[in-house]
Amino acid sequence: MSNSNKLDFVTGVSLLPFDLHNLGAVYSSSKDKAQCVASRCNFVVRRGWDEAEQLEYGNVIEALGDVGFNLRSKDYAFHISASNLSYKAGTDAPLRAQSLVGSALASLKLAYAQQVAEDRFLGISYDFSQRKPELSLAWAGDTFTEQSSLAVSIDPVDRTARLRAAVSFPGPEWRKDVWDHETRNVQLVQDDGLSRHTVWVEHEARRGQLMAATKLGARLDLGRLANLGGNFVDRHIKQRIPLLFWKIPLSTKLYRFVVPNQDQEQMRYNIKGWCAELAHDFERQGPKLGISKRLGDSGCSLAASYDTASSAAGIEMRSKWVVAAARLARQEDGHWRNPSVQLLVQPLGFL
């Protein structure tokens, strides 16, 4: 959720389970000793709906929460948490499988982690509720322009291995360092540190099935893509346009309308903060498409999406600790169902 987390840095996407997310947060502290009290609450208010019968039931209120405590001393960290604490009220479809709390199993977990090398972590945990251990290996990388993480969890009881990875990068750079005649210095390309492409993946191998489950996601910065594409067209495609095109009236103005000249910052399109989003679960029929707009430099963003598998449209407001969403789903007869409202809150930070 937060960009300050070493392991779980994709804003608006909860990639890691609660224990690994919090260990990534406590290891992000620059202090040798740190303690973190964290909680996460997910609320949904919707109308009960039976997909098979196309029937609407009464109002449904669901809540799913986690609370945990982390303690770090230099390279060592301890974590204890109670996860998937659920609450549900109202009249829902009898066999609803997509419920927020439908497949959530309560968990009471104790974990120990150690930083075995710089940005490399080893963790061992035991779930007292489900009575099973788990081994986790994690790696985090962070430079001036890129950020990445990789986490592998092994469950020997269920014979399951899960891989979760994410990377954030600026992509190819179309701008070049130029000579400034006024200052008589080389003008270096300035990176705002915000325009980034982000790609993440979740993969699970279970009981001999190497491709048991896979989820992919991407968030592409439209400003960088547009300027990179415009620069490629102006430098490589323009010279291949037939001369007959340039003899057409207003052809030059039309070309410059589509591919403007670069400004002083070598930018052709002033598109800042806009991203195209794509997420796909291979167990579902179609992907989820969206577009988002970053609001200032505070980490807040506004996103609109459409889930092709469930024919549901949604809008989200994302901030560092809160994600608020509203969704509308379409019925088979073309009518829209009553909207559902979802609120994800992380009220506690470092104390």
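Can you pull a Stokes-Einstein diffusion coefficient for region 163-238 at 4 °C (1.567 mPa s), Rh from Kirkwood over Cα pairs, as a whole number of µm²/s? Mind dumping the intermediate values first?
Details: Rh = 15.8 Å.
D, rounded to a whole number, is 82 µm²/s.
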- [ ] Assuming 1.002 mPa s and 20 °C, estimate D for region 127-262 with Stokes-Einstein, Rh taken as the Kirkwood radius over Cα pairs, in µm²/s.
- [x] 108 µm²/s
Open item on the list: Below 8 Å between Cα atoms, with a sequence gap of 6+, how large is the relative contact order for the chain in percent?
Closed with: 13 percent
Task: Cβ-Cβ FRET estimate between F78 and Q262, R0 fixed at 56 Å, reported to 0.05 - done: 0.55
TODO: Rounded to whole Å and sorted largest first, list the principal axis extents of the Cα atoms in the chain.
DONE: 74, 59, 41
- [ ] Tabulate in residue order the Karplus-calculated ³J(HN,Hα) for region 72-80, using 6.51 cos²θ - 1.76 cosθ + 1.60 with θ = phi - 60°, rounded to whole Hz; enter x for Gly and Pro.
- [x] 10, 9, 6, 8, 10, 8, 10, 9, 9
Task: Distance (nanometres) between label positions extended 7 Å along Cα→Cβ at K247 and L302 - done: 5.0 nm
- [ ] Give the accessible area for I124 in Å² (nearest 10); use a 1.4 Å probe, count only protein heavy atoms, and leave out ligands, DNA and RNA.
- [x] 100 Å²
Open item on the list: Explain nothing, just the number: relative contact order of region 211-326, from Cα pairs under 8 Å at least 6 residues apart, as a whole percent.
Closed with: 23 percent
- [ ] Tally up the carbon and sulfur contribution to the accessible surface of region 137-187 as a whole percent, 1.4 Å probe, everything protein left in place.
- [x] 59 percent
Open item on the list: Can you compute the helix-only [θ] at 222 nm over the chain? Use -39500 (n - 2.57) per DSSP H run of at least 4 residues, normalise by all residues, nearest 500 deg cm²/dmol.
Closed with: -2500 deg cm²/dmol
TODO: With a point put 7 Å past each Cα toward its Cβ, work out how far L220 is from I154 in nm, to one decimal.
DONE: 3.7 nm
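In what sequence, largest accessible area first, do T198, T308 appear using a 1.4 Å probe? Provide the component values of the computation, followed by the final result.
Values: T198 15, T308 60 Å².
So the residues, ranked largest to smallest area, are T308, T198.
The values are calculated or read from the model by the stated rules, or taken from the named source; none is laboratory data. Here the structure is a predicted model, which is why all the values come from computation and not from measurement. Virtual Cβ from ideal backbone geometry, glycine too; neighbours counted across all protein chains shown. What goes into the accessible areas is simple: the full protein's heavy atoms, side chains included, and nothing from ligands, DNA or RNA. Shrake-Rupley method; radii C 1.70, N 1.55, O 1.52, S 1.80 Å.
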